[in-house]
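This report refers to the structure that appears directly beneath it.
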Amino acid sequence: MQEKRVHPRVTVEIPVVCETQAGERISGVMRDISLGGIFVESTTAPPFGAAVTVIGALPGLGDQAKLPGVVRWGKPGGFGVQFGLLGARETHAITKLLRSQT
């Protein structure tokens, strides 16, 4: 099977909270990350297409990162989030994390 991902990803273990536009907060653990998105391991998931803000500590940032995105898929045990427009600080932190893991 051919890999369809555009961005390389690395395995991580970062506790996160995903906030929906309706104000629902879903706790989980970010298990992998790329510049394109993340996989969140969680017992609950927002619906497909839901806009979310993923809040968690990225190495190199002094405070909690707030990463906007959209839920693109779900399966038992977790869901995938495609990032929206990221700020320069967040993009730099993710890039630095990717480089440190490869």
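Laid out as a table, the results:
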quantity: Hits in region 10-30 - residues which are buried (at least 17 other Cβ atoms within 10 Å of the Cβ) and touching a residue at least 40 places away in the same chain (Cβ under 8 Å); calculated: 12, 14, 16, 18, 28
quantity: Identity of the residue in region 67-91, more than 10 Å from the chain's Cα centre (by Cα) and part of a strand (DSSP E or B), that ends up surrounded by the most Cβ atoms within 10 Å (Cβ to Cβ); calculated: 78
quantity: Restricting region 49-58 to residues that are in a loop (DSSP other than H, G, I, E, B) and surrounded by 12 or more Cβ atoms within 10 Å (Cβ to Cβ), the residue that is farthest from the chain's Cα centre (by Cα); calculated: 50
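Throughout, read-outs are computed from the coordinates displayed, never taken from laboratory work. Please read all numbers here as calculations on a predicted model, not as lab measurements. Cβ: placed from backbone, ideal geometry, glycine included. Neighbour counts: every protein chain shown.
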